[in-house]
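The values are calculated or read from the model by the stated rules, or taken from the named source; none is laboratory data. Quick caveat, the model's predicted, so the values are computed rather than measured. Cβ: placed from backbone, ideal geometry, glycine included. Neighbour counts: every protein chain shown. Areas reflect the complete protein model, heavy atoms only, side chains present, ligands, DNA and RNA absent. Shrake-Rupley method; radii C 1.70, N 1.55, O 1.52, S 1.80 Å.
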Amino acid sequence: MAKTKKTTTAINLSDPQYYFSRELSWLEFNHRVLHEAIDPRTPLLERLKFMAIFSSNLDEYFMVRVAGLKQQVEANVSRPTPDGRTPSEQLDLIGQRLRPLVTQQHQHFEQELRPQLAKRGVHLLDYMDLNQEQRIYLQNYFEEQIFPVLTPLAVDPGHPFPYISNLSLNLAVVVQDPDTGEELFARVKVPKMLPRFLRLPEELRDSTDIWTVVPLEQVIAHNLASLFPGMNIQECHPFRITRHADLTVEEDEAEDLLLAIEQELRKRRLAGSVVRLEIQATTSEPVRQTLMQELSLNQNQVYEVEGLLGLGDLMAFMELPLPELKDPVWTPVVPPRLRRIVEPDGSHFQRDTEEGEDFFSVIRASDLLLHHPYHSFAATVQRFITQAAHDPNVLAIKMTLYRTSGDSPIVNALIAAAENGKQVAVLVELKARFDEENNIIWARKLEQAGVHVVYGLVGLKTHTKVVLVVRREDDRIRRYVHIGTGNYNPKTARIYTDLGLLSCREELGADLTDLFNYLTGYSRQRSYRKLMVAPVNLRERMTSLILREAEHCQKGHSGRIVVKMNSLVDPKIIAALYEASRAGVQIDAIVRGVCCLRPGLPDVSENIRIISIVGRFLEHSRIYYFHNAGQEEVYIGSADWMTRNLDRRVEAIVPVEDANLAKDLQEILGIMLADNRKAWELQPDGSYIQRRSADSASEQNSQTILMEMALSSGGTA
């Protein structure tokens, strides 16, 4: 039971002992991801998926976080982070914590998952284990399909060490000239345009086998004679590198931001220092030293693995038609109030209903809360924008695009709206990390269709997720809004949990009008009617809401805060939470990823509890609840409690004022706090302990419960 003692003793709440390292906290998050791959309760192919996610997460971690620390060390930056560690100290600790995790990942894959797959008829074979007939088949396949696209690159005084592209899989080859006896080094890139795992035809595998594949790099390695005729192949070892890949754009000096981003993307492909080298443990010392020397690496940047490199490619196994080895298929449902929507062509979404309504009349009746992927994105957000694009009474559509899919129906709807003569303005965030190129393509396509495209504010990323639809109704203009926590991306909306509010409240429409004027024109907007907007007033408002709970406790009332977010990092917000805890406020935080707050410390955070939920869906929604002496307030929006979200991004947080919807959000928080299947409790020492139910009957999986609730509402696909 948490203590409610009110503490008045002076404490320096900025003391480093009260803060976890952001970098090490992220590694703990990825450890929780790895646990899903190791947990035997997870379906077999889903375990491979989590193996792949663990690897892909690490790739981005090295490209951005580790690369940034490396740059700071090279620039002799020694200023400590809030946890009191210098960049150099953090790099050392990352290596110490990460190496055992990487070893655990590869050992579990090789010793547990591969044998379990084989028992199910799914074989990932090594080339050395193939019979003669299978080898002949792959030799022929190599000659016909692989050999023509390979380019061996010699390394000698006349041939400098070649550029190795980011995240590429390569072979380091040592050959011997039989005439001179000289040993020579060469590099062969494993082509990305070919499948990583080559499938053997049905006639070359056991009749009971479902899928039998061989790694592409092994097929190349065992057929190198064709690439180096007349030479003796001495040794061959796969290796993989990771480069610094974060963009640095001097926006103040860029006359054309679109062009500046394109130039940076080209530099990212062609430059970026190497921050990690992955090799197999069997790699010979001479080859290791050659790679380290040519790539300017030290031993701390080399990661040895047992078995296959690049396990992110295991995601390909999810394409196998083996539903019994996966999570049950989930089909998002249509919210009850939207099941009588009339399509633009006059058809009903649910054909057996009486006379239907249009989307706008549903919103006019009352606000609508959407919860993806439990609710269908296509039948809600996508339908809202599509209907607006074709509705003759809609005059304008304005929205922000941070990330979207490659075949985005949202973008197509915006283009259709422009072609239908509507005013369409879209803010495309060109600096959305690793989606820059995709966003440039969409920005150009939108511009060509006559859409007004802007690229945001200098020095700020526009991360907020908002849509404003302006519609003429009788003799008045009405504004409809969607304010969400997630990207307008139909693909990720099926695997990310996110919330959205559809409303036509006048104050919200006016606020979004002001926000878009701030984003597209010249505006010094300093206040909003309902919205909390970063970097304008979000930090100040959130801090005041936290401290208001402390004031209630000091006046003898109860204080309660429950929040859900992706990351909790900002030291000033954490200090405010510590103050609230010391005043007696009971605080629960559901933080999926990085958390720098130390819970459970006597006289500091003894009233704070932190859990993390890692499940089949990526928890991405943000919810903020404040008890406010019984006058409860609940908010949703795009911002985490991170310094970048509060100070360096454009974000929007909206109050959910409909009493029923506010109760729905509180119910969601309650269900997640009660999770004893996928929830992990953060300990004062920074470790996480997964909750365990006494038996399967008492198991509470919050995501499963929310799916069941969506279905029980009578939802249809």
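Subtracting the Cα-Cα distance from 0.36 nm times the residue separation, let me have the gained length for residue 176 to residue 361 in nm, one decimal. Please list the in-between numbers first.
Working: separation 185, 0.36 × 185 = 66.60 nm, distance 7.75 nm.
That works out to 58.8 nm of additional length.
Seen from all sides and averaged, what is the projected area of the convex hull of the Cα atoms in the chain, in nm²?
Numbers: hull surface 144.1 nm².
Result: 36.0 nm².
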Quiz prompt | Long-range HN-HN contacts of residue 276 with modeled amide H, under 5 Å | solution = 242
Quiz prompt | Crossing angle, helix 571-582 versus the chain [Cα axis fit, 0-90 degrees, rounded to tens] | solution = 60 degrees
Exercise. Find the accessible area per residue for the chain; the probe is 1.4 Å, ligands and nucleic acids are left out, and the unit is Å².
Key: 42 Å²
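Mind running the shape call on region 92-179? Use the C-alpha gyration tensor, a ≥ b ≥ c as the square roots of the eigenvalues: rounded below 1.5 for a/c, prolate if a/b tops b/c, oblate otherwise.
Details: a/c = 2.52, a/b = 1.14, b/c = 2.22.
Cα axes put region 92-179 in the oblate bin.
How much length would be gained if the chain were fully extended between residue 304 and residue 689, taking 0.36 nm per residue of separation minus their Cα-Cα distance, in nm to one decimal?
On the way: separation 385, 0.36 × 385 = 138.60 nm, distance 2.83 nm.
Fully extending the segment from residue 304 to residue 689 adds 135.8 nm.
Starting from the Cα gyration tensor of region 549-692, take the square roots of the eigenvalues, sort them a ≥ b ≥ c, and report rounded, prolate or oblate (rounded when a/c is under 1.5, otherwise prolate if a/b is larger than b/c, else oblate). Present the calculation step by step, with values, prior to reporting the outcome.
On the way: a/c = 1.22, a/b = 1.04, b/c = 1.17.
Judged from the Cα gyration tensor, region 549-692 comes out rounded (a/c under 1.5).
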Practice problem: With an 8 Å cut-off on Cα pairs and a minimum separation of 6 or more residues, tell me the relative contact order of region 75-196 in percent. | Solution: 16 percent
Quiz item: Nearest 10 degrees, 0 to 90: what angle lies between the long axis of helix 409-419 and the longest principal axis of the chain (Cα atoms)?
Solution: 60 degrees
Quiz item: What order do you get for 175-186, 114-125 when each peptide is scored by the mean count of other beta carbon atoms within 10 Å, highest first?
Solution: 114-125, 175-186
Quiz item: Over 22 Å between Cα atoms, which of 326/491; 491/663; 192/445; 422/445; 465/564; 398/465 qualify?
Solution: 491/663; 192/445
Quiz item: Separation between the residue 76 and residue 491 pseudo-spin-labels, each 7 Å from Cα along Cα→Cβ, expressed in nm?
Solution: 4.6 nm
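Pop the C-beta distance of residue 226 and residue 126 into the FRET formula with R0 = 30 Å and round what comes out to the nearest 0.05.
So, using R0 = 30 Å, E works out to roughly 0.90.
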Quiz item: Got a sec to turn the phi values of region 559-564 into Karplus ³J(HN,Hα) couplings, 6.51 cos²θ - 1.76 cosθ + 1.60 with θ = phi - 60°, whole Hz, x for Gly and Pro?
Solution: x, 8, 10, 10, 9, 9
Quiz item: Each residue of region 157-168 in order: what ³J(HN,Hα) in whole Hz does its phi give by Karplus 6.51 cos²θ - 1.76 cosθ + 1.60, θ = phi - 60°, with x for Gly and Pro?
Solution: x, x, 10, x, 4, x, 5, 9, 6, 4, 6, 7
Quiz prompt | Estimated distance in nm for a label pair at residue 293 and residue 165, the labels positioned 7 Å out from Cα along Cα-to-Cβ | solution = 2.8 nm
Self-check item: Note, ³J(HN,Hα) from phi for region 98-115, Karplus 6.51, -1.76, 1.60, rounded to Hz, x at Gly and Pro
Solution: 7, 4, x, 5, 5, 4, 4, 4, 5, 5, 5, 5, 6, 8, 10, 6, 4, x
Practice problem: Determine the shape class of region 529-608: with a ≥ b ≥ c the square roots of the Cα gyration tensor eigenvalues, call it rounded for a/c under 1.5, and otherwise prolate if a/b is greater than b/c, oblate otherwise. | Solution: oblate
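How much of the accessible area of the chain, probe 1.4 Å, is carbon plus sulfur, in whole percent?
Details: 14730 of 30380 Å².
Taking all protein chains in place, the chain shows 48 percent carbon and sulfur surface.
Using 0.36 nm per residue of separation minus the Cα-Cα distance, give me the extension gain between residue 452 and residue 233 in nm, one decimal.
Working: separation 219, 0.36 × 219 = 78.84 nm, distance 5.92 nm.
That pair, residue 452 and residue 233, stretches by 72.9 nm at full extension.
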Quiz item: Gap in Å between the Cα centre of region 666-693 and the Cα centre of region 483-556?
Solution: 27 Å
Quiz prompt | Tilt relative to the chain, helix 44-60 - C-alpha long axis, 0 to 90 degrees, to 10 | solution = 90 degrees
Quiz item: Hey, rough spin-label estimate for residue 273 and residue 17, points 7 angstrom out along Cα→Cβ, what's it come to in nanometres?
Solution: 3.5 nm
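Kindly rank 573-581, 443-451, 625-633 from highest to lowest mean number of other beta carbons found within 10 Å of each residue. Before the final figure, lay out the partial values.
Values: 573-581: 24.0, 443-451: 17.1, 625-633: 15.3.
The peptides rank, most packed first, as 573-581, 443-451, 625-633.
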